[in-house]
Structure formats: structure tokens, C-alpha cells
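What follows is one structure encoded as C-alpha cells, with my remarks underneath.
Computed from the coordinates by the stated procedures, all read-outs in this text should not be read as laboratory data. Owing to the predicted nature of the structure, the values given are computational and were not obtained by experimental measurement. As a convention, Cβ positions derive from the backbone with ideal geometry for all residues, glycine included, and neighbour counts pool all protein chains shown.
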């Protein structure tokens, strides 16, 4: 007997009596503010951006959007190696949509082009169309992207840790800052 | 196998007042942050009820959902493996690494791999494993298991971390400021993402209808581990299944709010298919879960989403430290899971509770934790696993409490005893209540005496 059939047989033998599956409502009662929640999670919100002014120290900028010109091309093609992004100071992407409740932006491989662009650079700039903000996570999870994307992520502010004495450090191992630009 | 003596083990932790006070305060702070988040959401109780029902539904149809998950994940291009126990899990992971000649594995937090004792198994076979979560890394470098399922090094102070890091990754032993220590770990770990042959993650949820799984983290380490090497392995306990993508709304809204008091983790990642040109393997692990599913009264513990809220609120956990439980899972959720793995070894753990029910009231999936703790006590007593002192004490208490006359005599004797007995009679190894605390002063009169006089 394979492990698979052994596990499934034991699971089926031991399953408790059937419980019904409830529907999940959209819970629209509370109106959330995207900017407030993004800032609470350590993200920055700006209505326009001059990337050179915002990151005067940045040497390497890698952009996945036509609106912003970088000086490093994204690794492309079948042999593209994401590790080439190691020395990128600022990555630029456009979010598919935002979530007001949490201040999150939705990104997938379609936006990143190279998934590591969201994590290896020191800083990340995210363009977001303010019309593409859904009220909460229940709305967000109705988005068809979750059925299509290989990899999909809600990013909410920069990487962070509070693993030592509960002291919050922003810029744990991924990006040190996340700036959302309304456009 | 030796029985874990929680009280004895916690005495080591309690010795350092500074550590004990910080630990207590830090976890209570997490509990209060959780309360603020929960109170800000009017539908919180409705979400808890939904989460509980969705999990109970899934567990009652788990066979079908596991097969649906496997079917969809496979169609997406993932490879799905099944492990009946820890040994098989470790062997599967080892074989996958071996096939690609992997020498370095970067991994993000996974309690399941701890449960399986995976690290020593792979290390003994020459594979270098780098825990990438900061807390987990501190524990790895110090040769200790995590003491909390969400904040693994919560029992350590910055000075302890400075010592561990100066000994292992070459930081300045005199510098213990937290940003310096965190930055040092970042600098030390980042090169490993680039040279590792494989990355490993756990999973918080596995979605049957899409064949995808979800990883909730804050540091960026899981996504670096998953998105740089050409091989990604995810270990997933079979109880992590949920039916639909829409169900994630309920769970993701509650997970980080319950765990850390933040509305969501900084990064919430959904893996549905491998990146082109890479491999994504899922190991579905049973390791006792299918047995637990059939345990009347105990199966609802499988609803757990590992938020740690029950640990943060538990007065015993906060004042004894996670390592004193001697098990992968500590705190209230641990004491109802661990005895199912090994009743004799963990038979003392269900007694590490005051049965105050706080764990149950904060649990986002409404597990009746304190009821199950009480239930385990009964099982342990029935199977003759009570230690002699406790058994004798309970036998005497049973006699005394069932006879009003004996009870009144005992109350009188205790009143006198507390005032006049020599300290050694009260503060001795047979009286656990006399350890680490002063027994309160006995009132001059019992309630009964007062009542007879004043009625």
C-alpha cells in the first residue's frame, strides 16, 4: 500500500460527521482608508515621484514599467537568472490592485516579470491606479488573478522583523522601503 | 522515553527575573495588540464562527479535499508527495535535494520540519541548512529549538542574541542594539539565497480548488528562498487544507491580527505553479494527524492555524517559557497536541494550565482548548500516567472534598498550619504551590465560620 492510499484511507475512516460549508460574505460595513493602513504598516504613499530625488544614492534602478526608465534591464528569456538583481538599489513595478483594509498591493509574475524584483532590491516603488483599490480582503480574494497567476503576493509595506525583544526593524531581509505612487 | 517535567524545566527559565519579566510583558503586549485589532472589526466574532465552520467542514471531508488539491496542484505543474510520518518526510526531502546535488538549503519558518526533526537528519547527510527567519536563525545558531511558534526567540534578550551572534557570525560582542543585530543577520544571510541550490518553505494554508498554497511572513525570507533557487520544496501538514480561495479572506484577516496584532503579514504569498524552468514540490505530511482526526473530543485541535494567540494569553506559558514544555508545540495548543504524539512523554503538559479558558476565548478558529486540556487530564489519569505525588494528592483531595466534616477539619488545620508550621513543611519539594511563590496569608476565619456568626 502506498503512503498516499494509506493516508487517504485512514483519513476517510476517521473523518468526523459532515459539517456544512458556509458562504463567506463580503463584509462591507466598515470603510477603510488605503493610505492610512499602508503607512501603519511602514509603507510610504506619494502622489507623484521623481525617482532620482527620492533615492539620490541609488546607483542601479531596475524598472518593470514603461513609465519609469531604469538603468538595468530585467533578466529575460528562458535562461534568465533572478540573481542578476542582487545589486539593484530600486525596483519599480505596477500593482494590479490595492486593498484598502490592509494597505496591501497585489503583485504577480505578470507585474514583477522576475519575481525576485519584489525582494532582492533594497527598495521598491509600486505604481498604483487609485481606481483599482478594493475595500477589503474578501473583495480581493474574489479577483480572478488568484486562479491564473503562478505566484501572487500581497505586499504590505517593507520587509520587517520584531524577533528581538519585539523591537520593530523595517528592512529585515527583503526590501527596506516600499513607496506607493498614485498614478 | 523520559517524561517531560514541565515544572522542573521551567525552574531554569524562572531563575532569571529579568528574562521572566520581559517574556511575560512582551507576550502580554502581543495579546493586547491582538485585542485592539479584534475590537476594531465589528464582524470579528462572525469571522471566528466562519473560520471554525470552514475548518470543521474541511476536516469532515478531508479525503476529498486532499485529492482535489493534489489533482489541481499537479495540473499546475507542481509535484505532490505523501509522507505518512517524519522519517518518510525527511527521506523525500533528502532524495529531492540529492537528485539535484543540492549542498545548501535556505529555509523559512516551518514548525512541521521541526516536528519532523528534519534539520539534524539532513545535516548528518552533509547538507548545510540555513534558517532564514531571524528568530529561527538565532535559535539554530544557539542549538535550541524555537520556544514559540511565531516568535521563536522570544525568551531571549538582546544581550543573549549579541552573544550568540558574536560567537557564530562574528558580530561585535559589545554591541547589542537591535537594528545592528538584525542588520548583521541580513548581511550574513543574503549571500546564501544566491548560492543555495534549493529553498524550502512551510505553508499556512493549502487551497483545494486552485491547488495553491499560501505562506504568510514578514521578513521577505520565504520569498527570497522560493524565488531564487531552481528548486522549491514546501512541507505541508494535511490539516492545512481549505476548500476555496474565498475562504482565505476569513483566515488571512485573522491570522496576523491574532498572532502579532497587525492587520496582515508584510508579505502574503500564493504559490500556484512553479516558475518556468524550475521545480516546485509539495510534501503532504500526516505524522499522526489522520489518527488524531478519529479521536473523539480531540480532533478539533486540527483546526489550528498556528497563530500563537493562546500562548500569548496563557499565564502559565508566559511565566514558564516555551522550552520548558520539551516539545515542538508549547503553550495551550501544545499541551493538547503533544500527548497525541506520545502520551507518556508529554503526560505532565496538560497540567501546565490553570484551566482559565483564556486560550479558548482568543482562538480565531474556536478550538475548545481548555476543555481538551481537562479531557487529556482524565485520559492521563485513566491510563495510569499520573505521577505518584499528584495521584496521592488527588486521592486525598477526593476524600477530603467528598466529606464536609473532613473538609472543615482540613480548613482549620490549614489555617493553623500556614501560621505556625515551619517553612520547610510548606516550601518543600512535595508542594508545587510553595515553589517560586509565597503562600498567601490565611484569613482569621473561614467563610463558614463568618456565615454561622453573621447569618
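Numbers at a glance
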{"item": "Shielding of B:146-156 by partner chains, average beta-carbon count, 10 Å", "result": "2"}
{"item": "Rounded Å value of the spacing that divides the Cα centres of the range B:381-415 and the range B:22-41", "result": "38"}
{"item": "Rg and Dmax [Cα atoms of the range B:32-189; Å; Rg one decimal, Dmax integer]", "result": "20.2, 57"}
{"item": "For the range B:77-167, average projected area of the Cα convex hull in nm²", "result": "6.8"}
{"item": "Chain A: relative contact order in percent, alpha carbon pairs under 8 Å with at least 6 residues between", "result": "25"}
{"item": "Residue order, fewest to most surrounding Cβ atoms within 10 angstrom, among B:336, B:367", "result": "B:367, B:336"}
{"item": "Radius ratio Rg over Rh of the range B:134-246, counting only Cα atoms, Kirkwood formula for Rh", "result": "1.04"}
{"item": "Unit Cα scatterers, Debye sum, chain A: log10 I(q)/I(0) for q = 0.18 Å⁻¹", "result": "-1.15"}
{"item": "Residue exposure sequence - B:279, B:123 - by fewest surrounding Cβ within 10 Å", "result": "B:123, B:279"}
{"item": "Chain B: angle of helix B:178-195 to the longest principal axis, Cα-based, in degrees nearest 10", "result": "40"}
{"item": "Value of Rg/Rh across the range B:248-372 [Cα atoms, Kirkwood radius]", "result": "1.02"}
{"item": "Between 0 and 90°, nearest 10: helix A:3-14 axis offset from chain A longest Cα axis", "result": "60"}
{"item": "Projected label distance in nm at residue B:128 and residue B:383, using a 7 Å step from Cα toward the beta-carbon", "result": "4.3"}
{"item": "Among beta bridges that DSSP assigns inside chain B, antiparallel share in %, nearest 5", "result": "25"}
{"item": "For the range B:86-123 and the range B:248-301, distance of Cα centres in Å", "result": "19"}
{"item": "Angle between chain B longest axis and helix B:44-60 axis [Cα atoms, degrees, rounded to 10]", "result": "70"}
{"item": "Highest to lowest packing among B:248-254, B:378-384, B:164-170, A:109-115, scored as the average C-beta count within 10 Å", "result": "B:248-254, A:109-115, B:164-170, B:378-384"}
{"item": "Residue-averaged beta-carbon neighbours from other chains (10 angstrom radius) around B:172-180", "result": "2"}
{"item": "Helical mean residue ellipticity (222 nm; -39500 (n - 2.57) per DSSP H run of 4+; nearest 500) of chain B", "result": "-15500 deg cm²/dmol"}
{"item": "C-alpha center-to-center spacing [the range A:135-166, the range A:20-54] in angstrom", "result": "11"}
{"item": "For chain B: span of alpha carbons on each principal axis (Å, largest first)", "result": "85, 55, 46"}
{"item": "Whole-number percent relative contact order across chain B, with pairs defined as alpha carbons under 8 Å at least 6 apart", "result": "21"}
{"item": "Highest-first arrangement of A:66-73, A:131-138, where packing means the average Cβ count within 10 Å", "result": "A:131-138, A:66-73"}
{"item": "Shielding by other protein chains, A:38-51, mean Cβ within 10 Å", "result": "1"}
{"item": "A:168, B:134, B:96 arranged by Cβ crowding within 10 Å, fewest neighbours leading", "result": "A:168, B:96, B:134"}
